[in-house]
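Novice: Structure incoming, see below.
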Amino acid sequence: MKLQHLLGGLLLAAGSLASASVTSPVIGKLLWSEEFNGAGLDAALWAASSGNGCQIGLCGYGNQELQTYTPGNLSIVNVPFEPATRALAITARRETVGSNQFTSGKVDTAGKVQVKYGLIEVRMATPKVGVGLWPAAWMLGTSPQAWPRKGEIDIMEMGGRQPAGLPAISPDQFVGANVIFFHQDACVPGNETCAASTAWQTKNWYTPSRSLANRFVTYRLYWTDTQMRFTVLDNGREYDMYKAPITIASPALQAPFYLLLNMAVGGNFTPAATPAQVTAPLPATTYVDYVRVYELDGKGEVKLGVGITPEVGKFGVFTDTTPVENKQELGASADFFIWNNSAMRGGNIPAYEGANVIALDYFAPGQWFGGAIASRQAHDMSGFRGGHIKLKIKAPANVAFRIGVLDTYTNHNWVTFPANQTAYGLVRNGEWGTATIPVAEMAGQLVALQSMNSLFEFLSVDGAVPNAPFQIAFDDIVWDSGVAGVAPVKVAAAGTATAPVASGSAAQSGATTLDFSATASGWVDVHYTVNGGEARTVRMRQDGSRSRYTAGGLRPGDVVEYRFTAWDTQRQLATDSAARSVIMK
């Protein structure tokens, strides 16, 4: 009932904003597009999925899907029913791979292309979905938070799940949209993920008078910092899916997202729970002609690569009064989690500085404990490897614990504070003390500092679980690069040659691709423009001292101007190469 009340109120409020910009939009310049006109999928923009979800511990991808995804089910082809159009073809087949009786295709732009606001268009043609096929064009937040906290935007999905009370209609004449996010009021029995859905008991669909099978329509998402509107452009006329624009009620929907295109077989959005229930004609193909992103009322951005601006100087993970260049705020840009609520809860130790403190009460002797400050967006801390993590800790002398960090690839690393021993400068006398942990030691060999999730975690020590209640507190947690007042990225004027980039170049590797390559002791970003257009910045893939990135979607005659920014690990700063240009042939 809480979920129904929440979202009913959400959409009621949206109805009062009918004159808002998304209903009378001003569409600006094209920011980015993927036309799918090449010989094959552009690996610089898209990654093809492989597997059935079990490889990531989520068999059926959390939706009871029946297929396994393979790159072989993806191709760029001339569309049979529109021969002049080339498109991405996603084909589902009845064939056995492992324990799955079906295969299909899925692509995404995670870590390659991210979008925030604007008009997003997908021109798409679906097959006869019948019973069992589930084509979709959708987006997930780039946040390292788990679903649904990162947010999900379903631009379109078909599959036969129609609301009660709607007159019987072919599944090929029903398409819907949805937005999913975390909300406390949605935490009800049967919905333990606390996923709030804007489609809950609300019209969110389009029902054309003729089948959508094997014909193109254009799906649109109008997205600003306050509203979303989903439409279908069919035969020159635009139809709204929702009755009114959706008011954004979660900060997760005001952050970057990446794109996904796929066609599942079976699963929760279809009537097919078992292979025998799949009656849709196979093989079947979904075609995607293009994906385009435009400015909307002056809003909209597309970033290539991970799209993270490196943090500099001092970064506050949890602090009130310490001067820092940037910091997190709990409840706004980060969240604090207790991992074992049956052993630990909020405590009452006063703050070391300012008004806020992480004070905890361990009340269940013999149990493990732990917790973390999880960032809502990834942070690039690569400029801090030569620095330290400094924090205040108040803990009983006889309690052992560990402090750790986590990157977005799920790599953890920890340092240990043994009981009754001074470690990292923390004197174990039961009072507030300072710990200073070298970032290089905290990160170890596995943690990717360029893409961090949790910048502070704590955990009990295996074999040293406390046998009595106690309280512990943490405060003033700051990452210090050790380079005061120097930003790690300085943009040099064109033509000014500074070097830690020992060598950098761009070479055409195909009709539509350009390979960037650079040598440096740390990370390297490439900045490039095509024909004087929007500047693009990409963190290059690092392999030893060599970094590489391939730009795709280029055409003969395109003029590509580029330069490199590289991190010098010895001097702990970044500088730029000279600007250069190349003409595609």
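The values are calculated or read from the model by the stated rules, or taken from the named source; none is laboratory data. Note that this is a predicted model, so its numbers are computed, not measured. Every residue, glycine among them, receives a Cβ derived from its backbone with ideal geometry; neighbour counts consider all protein chains shown.
Novice: Would you check if there is a residue in segment 182-204 being among the aromatic types (Phe, Trp, Tyr), in a strand (DSSP E or B), touching a Pro at 6+ places or on another chain (Cβ under 8 Å) and buried (at least 17 other Cβ atoms within 10 Å of the Cβ)? Full working, then the answer.
Specialist: Filtering segment 182-204 for residues among the aromatic types (Phe, Trp, Tyr) gives 182, 200.
Next, only the ones that are in a strand (DSSP E or B) stay: 182.
Imposing the further condition that a residue be touching a Pro at 6+ places or on another chain (Cβ under 8 Å) reduces the set to 182.
Imposing the further condition that a residue be buried (at least 17 other Cβ atoms within 10 Å of the Cβ) reduces the set to 182.
Yes, segment 182-204 contains at least one residue that is among the aromatic types (Phe, Trp, Tyr), in a strand (DSSP E or B), touching a Pro at 6+ places or on another chain (Cβ under 8 Å) and buried (at least 17 other Cβ atoms within 10 Å of the Cβ).
Novice: Which of (1) among the aliphatic types (A, V, I, L, M); (2) buried (at least 22 other Cβ atoms within 10 Å of the Cβ); (3) part of a loop (DSSP other than H, G, I, E, B) is the odd one out, the single condition ILE169 does not satisfy?
Specialist: Here ILE169 clears every test but (2).
Novice: Please name all residue pairs, on different chains or six or more residues apart, with Cβ atoms under 7 Å, provided the first residue is in segment 538-565 and is over 15 Å from GLN508 (Cβ atoms) and the second residue is modelled with pLDDT of 85 or more and basic (Lys, Arg).
Specialist: Filtered contacts from segment 538-565: MET540/ARG548; ARG541/ARG548.
Novice: Of these, ASP185, ASP240, which one is among the acidic types (Asp, Glu), in the same structural domain as VAL22 (by TED's automatic domain parsing) and in contact (Cβ under 8 Å) with a residue 60 or more places away in the chain?
Specialist: ASP185
Novice: Evaluate the following for LEU41: is it in a strand (DSSP E or B), of a type outside the set (Lys, Arg) and touching a Leu at 6+ places or on another chain (Cβ under 8 Å)? Walk me through it before giving the result.
Specialist: Values: in a strand (DSSP E or B): no; of a type outside the set (Lys, Arg): yes; touching a Leu at 6+ places or on another chain (Cβ under 8 Å): yes.
No, not satisfied.
Novice: Suppose we keep only residues that are among the polar types (S, T, N, Q) and part of a strand (DSSP E or B) within segment 72-91. Which one would you say is nearest to PRO283 (Cα to Cα)?
Specialist: Going residue by residue through segment 72-91, those that are among the polar types (S, T, N, Q) are 73, 75, 78, 85, 91.
Adding the requirement that they be part of a strand (DSSP E or B) leaves 75, 78, 85, 91.
Details: SER75: 14, ASN78: 17, THR85: 21, THR91: 7 Å.
Going through the qualifying residues, I end up with THR91.
Novice: Hey, among the residues in segment 301-331 that are among the hydroxyl-bearing types (Ser, Thr, Tyr) and surrounded by fewer than 19 Cβ atoms within 10 Å (Cβ to Cβ), which one's modelled with the lowest pLDDT?
Specialist: THR309
Novice: Looking for something among the small types (Gly, Ala, Ser), in contact with a helix residue (DSSP H, G or I) (Cβ under 7 Å, 6 or more places away or on another chain) and not in a strand (DSSP E or B) - is there at least one such residue anywhere in segment 404-427?
Specialist: No; the residues of segment 404-427 include none that is among the small types (Gly, Ala, Ser), in contact with a helix residue (DSSP H, G or I) (Cβ under 7 Å, 6 or more places away or on another chain) and not in a strand (DSSP E or B).
Novice: Right, next: I'm trying to understand the selection: among the residues of segment 95-135, which are surrounded by 23 or more Cβ atoms within 10 Å (Cβ to Cβ), of a type in the set (Gly, Ala, Ser) and either closer than 25 Å to GLU34 by Cα or outside the structural domain of GLN277 (by TED's automatic domain parsing) (or both)?
Specialist: Once the filter is applied, which keeps residues that are surrounded by 23 or more Cβ atoms within 10 Å (Cβ to Cβ), of a type in the set (Gly, Ala, Ser) and either closer than 25 Å to GLU34 by Cα or outside the structural domain of GLN277 (by TED's automatic domain parsing) (or both), segment 95-135 yields SER104, GLY105, GLY118.
Novice: Only strands (runs of 3 or more DSSP E) wholly contained in segment 286-388 count here; list those with 3 or more residues that are aliphatic (A, V, I, L, M) and farther than 23 Å from SER451 by Cβ.
Specialist: 358-362
Novice: Just to be sure, is VAL415 surrounded by 15 or more Cβ atoms within 10 Å (Cβ to Cβ), among the β-branched types (Val, Ile, Thr) and in contact with a Gly (Cβ under 9 Å, 6 or more places away or on another chain)? Break it down stepwise before answering.
Specialist: Values: surrounded by 15 or more Cβ atoms within 10 Å (Cβ to Cβ): yes; among the β-branched types (Val, Ile, Thr): yes; in contact with a Gly (Cβ under 9 Å, 6 or more places away or on another chain): yes.
Yes.
Novice: If I go through segment 154-165 residue by residue, how many of them are part of a loop (DSSP other than H, G, I, E, B) and either surrounded by 21 or more Cβ atoms within 10 Å (Cβ to Cβ) or touching a residue at least 24 places away in the same chain (Cβ under 8 Å) (or both)?
Specialist: 6
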